[in-house]
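For reference, the structure discussed in these notes is given below.
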Amino acid sequence: MKIGITLNEVLRDYIGQLVYTYQKYIGDIDITEGDVTNLNLIEFFKFDDINKLNSFLYLEAPLEIFGHADQMSDGLMNRFNTFLMDIKDDEEHEIEIVSREIDKSIPSTYFFLSKTSCRADKVRFVQNHVDKWDGLDVLITANPQALEAKPVGKISVKVKASYNQDVSADYEIDSILDFIKDTELRDKILNTKIITYEEIKSW
């Protein structure tokens, strides 16, 4: 199986770093990560309009936001790298990092992967969340739009975040570490057979 893993709130602390960067360059804001309950970020951060928000994210401060962000937990990338090696040795599954990136967030994300010593040898950037699913059998993500865009016959794994609580998935985990460490859970996910409506009708 081909497994896609996204970055934000899975491996990279995007919201926490965005709060930090906003306070550093724009001003104090009374908000924590848990307050961001959806990804319409203009509801939570004080920008005049969506264009100014996007300019801040992708032109003015992308290295700070996407590049200098922390891992979701200490030592996470080391564990992830070990997991990548184990998967490669087993030769049953393939792992791909897939992320929606635009403009200067692309080199900034390469910097994040480099500074955390990520050893993933397959990295793909897309501009639309639905395109994350291209060529994948399983997608592990916190992004609600990607989860909602799941095509028929694919398997979605939601990493819980403050902004995706109302979005359903085939499986839910608290952290990517659950998928890495719990072999029983991982085998269950990777051996799931998705039954389509047409198959049910034929029974």
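State whether the residues of region 15-34 include one that is out of contact with any helix residue (DSSP H, G or I) (no Cβ under 8 Å at 6 or more places or on another chain) and either within 26 Å of residue 180 (Cβ to Cβ) or in contact (Cβ under 8 Å) with a residue 60 or more places away in the chain (or both).
Within region 15-34, one or more residues are out of contact with any helix residue (DSSP H, G or I) (no Cβ under 8 Å at 6 or more places or on another chain) and either within 26 Å of residue 180 (Cβ to Cβ) or in contact (Cβ under 8 Å) with a residue 60 or more places away in the chain (or both).
Residues are listed down the side, and each one gets a yes or a no for (1) within 23 Å of residue 139 (Cα to Cα); (2) not charged (D, E, K, R):
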residue: 21; (1), (2): no, yes
residue: 43; (1), (2): no, no
residue: 62; (1), (2): no, yes
residue: 83; (1), (2): yes, yes
residue: 96; (1), (2): yes, no
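From the set of residues in region 1-36 that are open to solvent by 10 Å² or more (accessible area, probe 1.4 Å) and part of a strand (DSSP E or B), which is modelled with the highest pLDDT?
Out of the qualifying residues, it is 8.
Quick one: which residue in 57, 39 is touching a residue at least 40 places away in the same chain (Cβ under 8 Å), part of a loop (DSSP other than H, G, I, E, B) and either hydrophobic (A, V, I, L, M, F, W, C) or surrounded by 16 or more Cβ atoms within 10 Å (Cβ to Cβ) (or both)?
Working: 57 fails: part of a loop (DSSP other than H, G, I, E, B).
Just one listed residue meets the conditions, 39.
What's the total number of residues in region 41-87 that are within 23 Å of residue 119 (Cβ to Cβ) and of a type in the set (Asp, Glu)? Even if it seems obvious, please write down each step before you answer.
Just the residues of region 41-87 that are within 23 Å of residue 119 (Cβ to Cβ), to begin with: 63, 66-87.
So of that shortlist, the ones also of a type in the set (Asp, Glu) come out as 70, 74, 86.
Matching residues across region 41-87 total 3.
Only one of (1) closer than 18 Å to residue 132 by Cβ; (2) touching a strand residue (DSSP E or B) at 6+ places or on another chain (Cβ under 9 Å) is not met by residue 84, so which one is it?
(1)
Six or more apart or on different chains, Cβ under 8 Å: which pairs go from a residue in region 167-184 that's among the charged types (D, E, K, R) to one that's open to solvent by less than 30 Å² (accessible area, probe 1.4 Å) and part of a helix (DSSP H, G or I)? Could you list them?
170/189
If I filter region 66-81 down to residues being open to solvent by 50 Å² or more (accessible area, probe 1.4 Å) and in contact (Cβ under 8 Å) with a residue 60 or more places away in the chain, which single residue comes out as farthest from residue 181 (Cα to Cα)?
71
With the structure loaded, tell me whether residue 66 is under 27 Å from residue 167 (Cα atoms), at pLDDT 95 or above and of a type in the set (Phe, Trp, Tyr) or whether it fails that test.
Values: under 27 Å from residue 167 (Cα atoms): yes; at pLDDT 95 or above: yes; of a type in the set (Phe, Trp, Tyr): yes.
Yes, satisfied.
The values are calculated or read from the model by the stated rules, or taken from the named source; none is laboratory data. Quantities reported herein were computed from a predicted structural model and do not represent experimental measurements. Positions of Cβ are generated from backbone atoms using ideal geometry, with glycine treated the same way; all protein chains shown enter the neighbour counts. Areas reflect the complete protein model, heavy atoms only, side chains present, ligands, DNA and RNA absent. Shrake-Rupley method; radii C 1.70, N 1.55, O 1.52, S 1.80 Å.
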